[in-house]
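Novice: Starting off with a structure, shown below.
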Amino acid sequence: MSDAIDILAVLTRPSFSSGTGPIGDHLGLRALAARRPDLNIHTIELNAGPLHVEIDRDALLIEADGGRTRIDSAGLVLFMPVSFDVEETDLAATSPSAPYPTFAHWQWRAVTEWLEERLPRIGRCVNVPRAARRANNKLLQWETLTAAGFTIPPLVVATRWPGAAPLCSAPELIRKNLSESGWKAPGVFSPAQRARRDDPTDGLPAIWQQPVEAATEIRAYVLGEEAIFVELERDAGIVDVRVTHDGRPRARIVAPQAGWTQIALSAARALGLDYAVIDAMPTDSGLAILEVNSNGVWWFLPAEIGAILEARFHAWLVQLVDGAPR
């Protein structure tokens, strides 16, 4: 195997909890490496433990667990953490019980920001990090997609029930977390939920959205110029499909209806993404976009569906590596 890095993957640590257990190898890169031993796949695990970094004009040097890697180029770069929350994108772990943990995050944040600027110069990026981070800010995403003319159910971001028409007079609204994370603490999940005007709130900024009633939800996986559509069954009264059937909603891959592929590809491009996972609701005119994820994966889907998506994702990565300059 050559020392040259074919795929450099900057990912969340495998021990990160998804609620149903650790996420593990959430992109299946170990399986890809086993099938393609000719590829040098190198992974940097964010927030996994103590490490030493040294940055100079030409490269990033990382020492962790006795290993030492100098990174100055790669055929393909993936920056796909499960969470873009700043505390989760430090290169090293900081214990909450350590002296001045907030100060430690401040110091590591500068390294994260440098890395996100530097990675596109190291190699061809699947999702330029800065674009991925902007896309995962739901406020910025909403403004971008609305300005581009995509269908989005009417919404307001507010700390309490909206006062602006037409949502202020709705009998109920969907209240969703404004951050990408729904986990308040280990084992404590905060799903999207139906809310009424008099329901108590926590006073935090949230998305208040007009409900879209449908028996199914669509999850579109955009891989470059390809879009794969998964139909998820919605249970009556359940807003967030991730909480149905012990976190494994019924799903199947479906052929796209007219306009779906163009909508999915165009939404990803509007946000500057090569890879995207789009949550949407089918409408008479196409798809109403609920959310676009630059780091969405497939672990909560039925295993057979996840296996198909992982295989297509790997095939796409290999295609990009084979086309990268050597």
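A short reminder: the numbers here are calculations on the coordinates, not readings from a lab. Keep in mind the model is a prediction, meaning the values are calculated, not measured. For neighbour counting, all protein chains shown are included, and Cβ atoms are generated from backbone atoms with ideal geometry for every residue, glycine included.
Novice: Let's see if you can work this out: charge +1 on each Lys and Arg Cβ, -1 on each Asp and Glu Cβ, no other charges. What is the dipole magnitude of region 155-209 about its Cα centre, in debye to the nearest 20?
Specialist: Value, rounded to 20: 40 debye.
Novice: Still on this structure, I have one more. Ratio of region 99-247's C-alpha Rg to 2.2 N^0.38 Å, to two decimals?
Specialist: Computed over Cα atoms of region 99-247, the ratio equals 1.26.
Novice: Sorted by packing (mean other beta-carbon atoms within 10 Å per residue), highest first, where do 249-257, 171-179 land?
Specialist: The most tightly packed comes first, giving 171-179, 249-257.
Novice: Considering just Cα atoms, how many Å³ per residue does the convex hull of region 155-209 enclose?
Specialist: Per-residue hull volume (Cα only) is 72 Å³.
Novice: If each residue of separation counts as 0.36 nm, what is the full-extension length gain between Leu139 and Val212 once their alpha-carbon separation is subtracted?
Specialist: 24.3 nm
Novice: To the nearest 500 deg cm²/dmol, what mean residue ellipticity at 222 nm is calculated for the chain from DSSP H runs of n ≥ 4 alone, each contributing -39,500 (n - 2.57), summed and divided by the residues?
Specialist: -7500 deg cm²/dmol
Novice: Dipole size in debye (nearest 20) for the chain around its Cα centre, Lys and Arg Cβ +1, Asp and Glu Cβ -1?
Specialist: So the magnitude is around 280 debye.
Novice: Here is a further query. If you fit an axis through the alpha-carbon atoms of helix 138-147 and take the longest principal axis of the Cα set of the chain, what angle between them do you get, 0 to 90°, nearest 10?
Specialist: Compared with the principal axis, the helix lies near 70 degrees.
Novice: Something else now. Return one number: the angle in degrees, 0 to 90 and rounded to the nearest 10, between the long axis of the Cα atoms of helix 303-322 and the longest principal axis of the Cα atoms of the chain.
Specialist: Tilt of helix 303-322: around 50 degrees.
Novice: Please name whichever of Val53, Ala315, Pro153 sits farthest to the positive end of the charge dipole of the chain, dipole taken about the Cα centre and charges placed at Cβ: Lys and Arg +1, Asp and Glu -1.
Specialist: Result: Pro153, furthest along the dipole toward the positive end.
Novice: Cα centroids of region 129-170 and region 1-62: how far apart, whole angstrom?
Specialist: 33
Novice: Could you give the nm distance between label points at Ser95 and Ser181, where each point is 7 Å from its Cα heading toward the beta carbon?
Specialist: Taking the simple label geometry, Ser95 and Ser181 are separated by 2.0 nm.
Novice: Enter the Cα centre distance for the pair region 173-203 and region 266-294, rounded to the nearest angstrom.
Specialist: 22
Novice: Note down the net charge around Ala74, summing +1 for each Lys or Arg and -1 for each Asp or Glu among other residues with Cβ under 10 Å from its Cβ.
Specialist: -1
Novice: Also, quick follow-up: For region 7-128, rounded, prolate or oblate, judged on the Cα gyration tensor with a ≥ b ≥ c (square roots of eigenvalues), a/c < 1.5 rounded, else prolate if a/b > b/c?
Specialist: In terms of gyration-tensor shape, oblate.
Novice: Mind checking the angle between helix 101-122 and the chain's longest principal axis? C-alpha axes, 0 to 90 degrees, to the nearest 10.
Specialist: With both axes taken from Cα atoms, the answer is about 80 degrees.
Novice: Say each of Ala148 and Ala164 gets a label point 7 Å from the Cα, pointing the same way as Cα to Cβ; how far apart are those two points in nm?
Specialist: Distance between the two pseudo-spin positions: 2.1 nm.
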